[in-house]
1. Return the long-range amide H neighbours of F100 (sequence gap of 5 or more, or a different chain), with a cut-off of under 5 Å between placed amide H atoms.
2. Taking 25 Å as R0, compute the FRET efficiency from the Cβ-Cβ separation of K82 and D156 and round it to 0.05.
3. For segment 10-129, what does the relative contact order come out to in percent, with C-alpha contacts under 8 Å and a separation of six or more?
4. Per residue of segment 131-145, what does 6.51 cos²θ - 1.76 cosθ + 1.60 with θ = phi - 60° give for ³J(HN,Hα)? Whole Hz please, x for Gly and Pro, Karplus curve as stated.
5. Under a point spin-label approximation (7 Å from Cα along Cα-to-Cβ), what is the I181-H51 distance to one decimal in nm?
6. Show which lysines lie in cross-link reach of K8 when reach means a straight Cα distance below 16 angstrom and same-chain residues fewer than eight apart are skipped.
7. Dipole size in debye (nearest 20) for the chain around its Cα centre, Lys and Arg Cβ +1, Asp and Glu Cβ -1?
8. Can you flag which of K15/K59; K95/K132; K59/K119; K95/K185; K82/K132 are past 25 Å Cα-Cα?
Amino acid sequence: MFITMEGKLSKVSIKGEAEPLLHRDERILDAVKGIGGIYYISLNNQLFFLHNEQTNPEKIRDDVVSIIPSPNGKQLALVQQKDAQTRTLSITDLKGSEAFQLALSTQIFGVSWSPDGSKLAYNFISEKGGDKGIFIADGLTGGVTNLNINLDYVADQLAWSPSGNKLVASSFTQNQFHTYIIFLK
């Protein structure tokens, strides 16, 4: 599954034959597989779910910037644009009903579920208060822990080890990339 340069959602077979997954005129910004279908974000930041073998998608939520389904497919992590300078990170059910709001900030990125789906790591930058850092949230309670690691300009997706006890983070400073392994207790 991939998004073309024109914003069309397509799939390709192992023989290299591409075909559209969604026969609509709207431009797609992001798409991920979910249980029983595909979640996608349209150009106007609306989140939809397209059930397998159906042609009419179901609208889930507005103002969505990114979507990250949990590994077990039972929860969604949603980054939403609230206004020109504010984003939120929430854990929701599969229909977009919010269980916890984890963060409210200028930038939220690098969101990644632990392999067992119990934790969510993300990077947070706030222009107003100068707050920033890597945080880990509990996927069941919504409790948030700041890792208190001084990594300026964290870039890219955070990545978990298969055991869930380490995170990999990259930063870009002085025209160089640096990769860090963060050991968790």
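Rule-based calculations on the coordinates, nothing more; no lab input. The structure displayed is predicted, hence computed values, not measured ones. Here Cβ is always computed from backbone atoms with ideal geometry, including for glycine, and neighbour counts include all displayed protein chains.
1. Amide H neighbours of F100, under 5 Å, 5+ apart: I91.
2. 0.55
3. It rounds to 13 percent for segment 10-129.
4. Result, rounded to whole Hz: 6, 6, x, 9, 10, 10, 10, 7, x, 9, 9, x, x, 10, 10.
5. For the pair I181/H51, the computed spacing is 4.6 nm.
6. K33
7. 320 debye
8. Going by Cα-Cα distance, K15/K59; K95/K132; K59/K119; K95/K185 fall outside the 25 Å limit.
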